Every structure is written in structure tokens, then in C-alpha cells.
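Remarks on the structure that follows.
The values are calculated or read from the model by the stated rules, or taken from the named source; none is laboratory data. For clarity, every value in this text was computed on a predicted model and none was experimentally measured. Glycine also receives a Cβ, built like all others from the backbone with ideal geometry; neighbour counts cover every protein chain displayed. Surface accessibility is based on the protein's heavy atoms, side chains included, excluding ligands, DNA and RNA. Shrake-Rupley method; radii C 1.70, N 1.55, O 1.52, S 1.80 Å.
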Amino acid sequence: MRSLLEAVSYFREYDKLANISEIARRYFAMNAFDGVLTIIGVLMGNFVAGVSDARIVLSTGLATCVAMGVSGLWGAYLTESAERKRDLDELSKVTLTDMTNTRIGRASRAAIVIVAVVDGLSPLIAALIVLLPFFVAGSTDDLSWAYYTALGLALVTLFGLGLFLGHISKGRMIIYGLKTVLAGVVSIAISFFLGVEG
Amino acid sequence: MAKIRRLVLDTLKAHEPNIIDLANVLSELVGVSSVNISIYELDRMVENAKITIEGDAISFEQVSHTIEDMGGTIHSIDEVVAGKEIIDDAVTLQG
């Protein structure tokens with residue numbers, strides 16, 4: 001219990017120093033959005049191609065999820081490391097002190113790890129939510145209900161993300177929700193017509 | 001060894017942690033009873049702070065380590081009072 005309280009206290013301090021929650025929030029919204037739209041693309045590809053085996057949808061979907069997760073984790077880690085190293089070096093230069101082992105340095109390193117994990121997990125989890133119906137579909141012959149449910153879940157997830165963004169901006173949450181859902185609908189429509197044309 | 005009762009330091013520090021956090025941490029050090037920090041110059045990335053610390057037995061090592069840990073650097077030690085009680089500097093013809 002005490003160590004948990006200490007961890008919370010450290011996080012609060014590091015958050016204040018390195019602005020962790022604001023950046024992580026931004027990454028979370030952006031990458032969860034990316035994750036849902038990407039998995040919509042994968043689903044629509046399978047749907048218009050007439051894939052009726054849940055295992056194929058799951059294997060392509062999961063491979064995409066893992067790729068997005070790894071991409072997010074690696075990308076954010078490298079980007080954040082480079083940016084924060086530059087900031088820390090600049091501060092060290094101005095103060096003529098090595099900032100690596102100060103609270104600022106430790107907060108900076110914690111921020112890199114936390115932001116990278118958020119960036120990696122957010123598209124992965126968002127995409128897994130959308131794929132849920134295919135986990136329960138098993139070996140049923142007709143997969144159309146799973147496709148429709150998954151696409152419905154995708155739109156609900158997008159709407160949830162919109163509400164979250166609306167809550168952050170203290171704007172009209174419903175409007176934000178509708179905007180993110182619109183992105184999903186546009187993505188589904190374009191993929192569908194491309195598939196039909198093809 | 002004589003006990004340090006007052007320290008006045010000229011420091012350069014990053015904007016964050018701010019002087020409220022720095023004062024809180026310094027005031028929790030053993031032997032410190034009160035801390036006063038004032039900013040007298042602000043730059044884009046750093047600020048100059050005058051730190052005055054009073055107490056029964058101030059450890060300079062702990063104070064300097066805390067300031068450095070919180071992203072600051074001591075430019076100079078501007079005043080030290082040590083001994084049984086705090087005295088101010090004597091008025092002389094030079095000032």
C-alpha cells in the first residue's frame with residue numbers, strides 16, 4: 001500500500017515536470033483512432049473479399065493489431081527519446097549542469113516509457129475491441145453478423161473516443177463523437193465501394 | 001563542528017520544479033526550520049533564485065544535493081551564519 005502511494009506520488013511529480021498525462025492523452029486518442037480505422041480497413045477488405053472463416057479474419061486482424069502496437073511503441077519511444085534528450089541537453093547547457101540524474105532527468109525517462117506504452121497499447125486495445133465478435137464467432141458458417149457487429153463496435157469505439165476528445169476540449173461532446181463516427185463511416189463506405197468496383 | 005544556522009544562496013534553476021516545490025522539499029530537510037525563495041531574474045528556460053534557509057543545524061551537503069536534484073545549480077554562497085545564535089553582519093564604514 002505504501003509503495004503504491006509512493007508510486008502515485010512519484011507519478012504526480014513526474015507528470016508535473018514532464019507533462020506526461022497531456023502528451024499520453026494526445027497519443028492515446030490519436031492512436032486509438034488510428035487503430036480503429038485501420039482495423040475497419042482490414043475488416044472491410046475481408047468482408048468485400050467474401051472471407052467467411054473467422055480464423056482468417058482474426059489472424060489478419062491480430063497481425064495488424066500487433067504491428068500497430070509495435071509500431072506505436074517503437075515510434076513513440078524513439079521520437080520521445082530524441083525530443084526529450086534534446087530538451088534535457090539544452091537545459092543542461094543553459095544551467096551548466098548535467099541534468100541526467102536530477103528529478104527532471106528521471107521524469108523525462110519515465111515520460112518516455114509511459115508515453116511509449118500508451119502509444120503502443122492504445123491502437124492494440126482499440127483494434128482488439130473491434131475484433132471481439134470474431135473471437136466468439138468460432139466456426140459458424142455465416143459470419144455476416146460478426147462483420148456487422150464488429151463494424152458497429154468500431155463506430156461505438158470511435159464515438160467513445162469522440163466523447164473523450166469533447167470532454168478534454170470542454171466542447172460539445174456529441175459533436176466530437178459524431179465527427180469521429182463520420183470518419184469511420186467514410187472509411188467503411190470507401191472500402192466498400194472500392195471492393196465492389198474491384 | 002559549528003552548526004550552520006543561516007544560508008543565503010544564489011542559484012540558477014529550471015522553471016520546473018517551481019519554487020513552491022523546491023521550498024517544500026528544502027523545508028523538510030533535517031535541521032531546517034524555514035526557507036525563503038525569491039526569483040529575481042527570469043529567462044526563457046531558467047530563472048535566478050535567491051534562497052535563504054534558516055535552521056538549527058543546516059547541512060550544506062544536503063541542501064546543495066537537493067537543489068541539484070531539483071534541477072538547480074548554486075552560483076554562489078552569499079551569506080552564512082554559524083554558531084550558537086544568528087547574528088547579522090556588522091555595519092562598517094564600507095557598508
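For the reader, a short list of remarks on this structure follows.
- Applying the condition of being among the hydrophobic types (A, V, I, L, M, F, W, C) and open to solvent by 40 Å² or more (accessible area, probe 1.4 Å) to the stretch A:38-51 and asking which residue is nearest to A:LEU143 (Cα to Cα) yields A:PHE47.
- Annotation: A:GLU13 fulfils all but one of (1) part of a helix (DSSP H, G or I); (2) more than 14 Å from chain B (Cβ to nearest Cβ); (3) at pLDDT below 90; the unmet one is (2).
- Residue identified as of a type outside the set (Asp, Glu), in contact with a Leu (Cβ under 7 Å, 6 or more places away or on another chain) and either closer than 27 Å to A:SER71 by Cα or free of Cβ contacts under 8 Å to residues at least 60 places away in the same chain (or both) among A:LEU158, A:LEU153: A:LEU153
- Selection count where residues are closer than 30 Å to A:GLU90 by Cβ, touching a residue at least 12 places away in the same chain (Cβ under 8 Å) and surrounded by fewer than 12 Cβ atoms within 10 Å (Cβ to Cβ), scope the stretch B:25-47: 1
- Within the stretch A:73-101, residues that are within 14 Å of another protein chain (Cβ to nearest Cβ) sit with their Cβ atoms under 7 Å from residues that are among the charged types (D, E, K, R) and assigned to a helix (DSSP H, G or I), at 6+ positions apart or across chains, in these pairs: A:THR97/B:GLU68.
- In the stretch A:52-87, residue nearest to the chain's Cα centre (by Cα) [restricted to those that are of a type in the set (Asp, Glu) and open to solvent by 60 Å² or more (accessible area, probe 1.4 Å)]: A:GLU83
- Members of the stretch A:102-115 found to be within 11 Å of chain B (Cβ to nearest Cβ) and of a type in the set (A, V, I, L, M), listed by number: A:ILE104, A:ALA107
- Any hit, the stretch A:123-139, residues being assigned to a helix (DSSP H, G or I) and farther than 22 Å from A:CYS65 by Cβ: no
- With respect to being in contact (Cβ under 8 Å) with a residue 60 or more places away in the chain and part of a helix (DSSP H, G or I), A:ILE104 fits the description.
- Pairing each residue of the stretch B:12-24 that is open to solvent by 50 Å² or more (accessible area, probe 1.4 Å) with any residue that is part of a helix (DSSP H, G or I), provided the two are 6+ apart or on different chains, yields C-beta distances under 8 Å for B:GLU16/A:LYS16; B:GLU16/A:LEU17; B:GLU16/A:ILE104.
- Cβ-Cβ distances below 8 Å connect the following pairs, each with a first residue in the stretch A:121-140 that is closer than 17 Å to A:LEU151 by Cβ and of a type in the set (Phe, Trp, Tyr), a second residue that is open to solvent by 10 Å² or more (accessible area, probe 1.4 Å) and modelled with pLDDT of 90 or more, and a separation of six or more residues or different chains: A:PHE134/A:LEU58; A:PHE135/A:LEU58.
- Of all residues making up the stretch A:1-27, the number that are within 16 Å of the chain's Cα centre (by Cα) and open to solvent by 80 Å² or more (accessible area, probe 1.4 Å): 2
Conditions tested, residue by residue: (1) aliphatic (A, V, I, L, M); (2) over 12 Å from the mean Cα position of the chain (by Cα).
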| residue | (1), (2) |
| --- | --- |
| B:ARG6 | no, no |
| B:LEU9 | yes, no |
| B:HIS15 | no, yes |
| B:SER27 | no, no |
| B:VAL32 | yes, no |
| B:ASN36 | no, no |
| B:ALA49 | yes, no |
| B:ILE53 | yes, no |
| B:SER59 | no, no |
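- Among residues of the stretch B:45-95, those that are of a type in the set (A, V, I, L, M, F, W, C) and within 11 Å of chain A (Cβ to nearest Cβ), counted: 5
- Condition met for A:SER139 (buried (at least 20 other Cβ atoms within 10 Å of the Cβ) and either in contact with a Leu (Cβ under 7 Å, 6 or more places away or on another chain) or at pLDDT below 90 (or both)): no
- A:VAL118 meets the conditions (1) assigned to a helix (DSSP H, G or I); (2) open to solvent by 10 Å² or more (accessible area, probe 1.4 Å); (3) without any contact (Cβ under 8 Å) to a residue 40 or more places away in the chain in every case but one. The failed one is (3).
- Set A:GLY41, A:GLY61: member being modelled with pLDDT under 95 and touching a Leu at 6+ places or on another chain (Cβ under 6 Å): A:GLY61
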